[in-house]
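Peer 1: First the structure, then my questions, so here it is.
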Amino acid sequence: MLNFETTATRTVARSLAAAAVAAGLLAAAPRAEAEEALVAFEVLTPELADELASNSMLACREQGFMVGVAVVDRFGVLQAFVRDRFAGPHTPDTATRKAWTAVSFRTDTVELVGATAEGPQSGARDIPGALMLGGGTQILVQGRLVGAVGVSGAPSGEDDHACAEAGIASIEDRLPF
């Protein structure tokens, strides 16, 4: 009888082990599907976004331009804003819209000026919130969009764009480019 109980115990143990392995395999499939259902994204820290905005403003100030600078995350949500003391009252809205446009279209706005001037893409100018003026510059980290900088108030969109690029260059050493 003892031998039978040992054999029966082993059989039960093997059955339980097989059931546990099967349950683990079945549980892994939904977990893998659930993990695939989620996405991960990166954005700048608030501190780095503030520094980027300030450095972009200072780059413009060095050239004698008084500007407003907005930094948005990859979804177009404002992370940081700074306005120089004599920047025009339009600069907060304009800088934010330029940055929003850069992330929304995944293109620097200096490139969108000509691309949307006439023809089939000109309707993009009618999208609420979009602003097809130079100065909205994407922040790309290893080819991934993490946000954008919008600069407003320099004499031209190209000048705004150059200040945004200078700001991005000032923080590159802390980003995995």
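Peer 1: Can you name the residue in the range 109-155 that is part of a helix (DSSP H, G or I) and in contact with a helix residue (DSSP H, G or I) (Cβ under 7 Å, 6 or more places away or on another chain) and, of all such residues, is surrounded by the most Cβ atoms within 10 Å (Cβ to Cβ)?
Peer 2: Thr109
Peer 1: Between residues in the range 151-177 that are on the phi > 0 side of the Ramachandran plot and residues that are buried (at least 22 other Cβ atoms within 10 Å of the Cβ) and of a type outside the set (S, T, N, Q), which pairs lie under 6 Å by C-beta distance while being six or more apart or on different chains?
Peer 2: Listed pairs, sorted by first residue: Gly153/Val67; Gly153/Gly68; Gly153/Ala87.
Peer 1: Sticking with this one: Pairs needed: first member in the range 37-53, farther than 12 Å from Leu175 by Cβ; second member anywhere, in a loop (DSSP other than H, G, I, E, B); C-beta distance under 7 Å; at least 6 residues apart or different chains.
Peer 2: Phe41/Arg74
Peer 1: Residue under question is Phe65, and the condition is that it be modelled with pLDDT of 95 or more, buried (at least 17 other Cβ atoms within 10 Å of the Cβ) and assigned to a loop (DSSP other than H, G, I, E, B); does it hold?
Peer 2: yes
Peer 1: Continuing with the same structure: What number of residues within the range 77-91 are within 22 Å of Cys60 (Cβ to Cβ) and either in contact (Cβ under 8 Å) with a residue 40 or more places away in the chain or assigned to a loop (DSSP other than H, G, I, E, B) (or both)?
Peer 2: Residues meeting the conditions: 9.
The values are calculated or read from the model by the stated rules, or taken from the named source; none is laboratory data. Just so it is clear, the structure is predicted and the values come from calculations on it, not from any experiment. Cβ: placed from backbone, ideal geometry, glycine included. Neighbour counts: every protein chain shown.
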